[in-house]
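The values are calculated or read from the model by the stated rules, or taken from the named source; none is laboratory data. The structure presented is a predicted model; accordingly, all values stated were derived computationally and were not measured. All Cβ positions, glycine included, derive from the backbone under ideal geometry; neighbour counts span all protein chains shown.
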Amino acid sequence: MAGFSCLVTGAGGFLGQRIVRLLLEEKELQEIRALDKVFSPELQEEFSKPQSRIKLTLLQGDILDEQCLKRACQGISAVIHTASIIDVTSAAHRETLMNVNLKGTQLLLEACTQASVPIFIYTSSIEVAGPNSYKEVIQNGHEEQDLETTWNSPYPYSKKLAEKAVLAANGWALQNGGTLYTCALRPMYTFGEGSQFLYYHVTTALKNNGILSHENKLSIANPVYVGNIAWAHILALRTLQDPKKAPGIGGQFYYISDDTPHQSYDDLNYNLCREWGFSLDSRMSLPVSVKYWLAFLLEMVSFLLSPIYRYNPSLNRHLVTLSNSVFTFSYKKAQRDLGYKPLFSWEEAKKKTTEWIGFLVKQHKETLKEKAH
């Protein structure tokens, strides 16, 4: 594997930066190219320090810039494509999501064939599988069930089409006569230090005397720690590097979970926050069926106003379904084909995430002190 090199898109993001850190420990790797639209100053500083004998190049560019993608793929052996807009409230414009999540993926696949990059690993989402109804129960689901989202909401729809494009590209002929091998990883709901969803829940609760929302108590999910998802990408890369194994996993998708206990989203937030004095809201919440039809009415209002005003309701039917479903999956196929086993235990993941939440609490207290003075 002399001269092996890897391009990571979305490398400045929640997952991407962890993939880069793990790649820096890969012995046979010679170069990592980290591509993103923007890198935080802290990350720029961390990644600009020589950390190992591996050359790490930061590339600032847009996933929709064809010339940028061509340059980024030149002389590269593998691509890990994590760049996407994650949006469950439909806050971003539909066209923006479809462009970044779908068109960006298609442009990157084309750049790979032109630059003869033989390996393409795509970070998909559990949302490409559903849930389609909060009444439907999926426990310990698996890849053979052939589940597919029926939502037209831009995030799950764009990720579904992008994943299909990636898996359909498996077996494409490359410019140099080689073959492209692709696979997709579908992580469960992801938590960990720096999670934008956790950040939102924690900061909202801090403004409400430490009371966490308890609206979604009926959901059962199997959350996965971000470090374990990053590790699954490294194992997928190693497997696709093996000429004997690559044809077997090319064109496949894998659910990625870990040993985090199955629990509701609200209970997960509470379990990660309670050390800092947070509590769950004890007030009664609306029945799921009422919330669903309320979301439908808000969507109708949004639709009727759309010719003159862009009203984006904070509640939609997709979000109500997502946050109130029993929807859990096994990682057995990834274990069998990729040799995947979680790198971090639930206790380790919980400790790391809880410490980060403690940092947010401290920041909040300092801000209040400054305001008081």
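Worth pointing out:
- Here A11 fulfils each of the conditions (1) in contact with a Leu (Cβ under 7 Å, 6 or more places away or on another chain); (2) surrounded by 17 or more Cβ atoms within 10 Å (Cβ to Cβ); (3) part of a helix (DSSP H, G or I) apart from (3).
- Scanning segment 330-360 for residues that are crowded, with 19+ Cβ neighbours inside 10 Å and hydrophobic (A, V, I, L, M, F, W, C) yields A334, L338, F344, A349, I357.
- Search result, residues across segment 135-160 that are under 17 Å from the mean Cα position of the chain (by Cα), more than 30 Å from P243 (Cα to Cα) and without any contact (Cβ under 8 Å) to a residue 60 or more places away in the chain: T149, Y157
- Any hit, segment 288-309, residues being in a loop (DSSP other than H, G, I, E, B) and surrounded by 12 or more Cβ atoms within 10 Å (Cβ to Cβ): no
- Residue within segment 184-197 that is within 20 Å of K352 (Cα to Cα), among the aliphatic types (A, V, I, L, M) and either at pLDDT below 95 or assigned to a helix (DSSP H, G or I) (or both) present: no
- Looking at G227, G277, G248, just one residue is surrounded by fewer than 18 Cβ atoms within 10 Å (Cβ to Cβ), within 30 Å of V166 (Cα to Cα) and of a type outside the set (F, W, Y), and that residue is G248.
- Near pairs, Cβ below 8 angstrom, 6+ apart or cross-chain, from segment 161-173 (part of a loop (DSSP other than H, G, I, E, B)) to any residue that is surrounded by fewer than 17 Cβ atoms within 10 Å (Cβ to Cβ) and hydroxyl-bearing (S, T, Y): G171/T179; W172/T179
- Some residue of segment 135-152 being within 29 Å of Q74 (Cβ to Cβ) and assigned to a strand (DSSP E or B): no
- When residues of segment 32-82 are limited to those that are among the hydroxyl-bearing types (S, T, Y), in contact with a strand residue (DSSP E or B) (Cβ under 8 Å, 6 or more places away or on another chain) and surrounded by fewer than 22 Cβ atoms within 10 Å (Cβ to Cβ), the one nearest to G10 (Cα to Cα): T57
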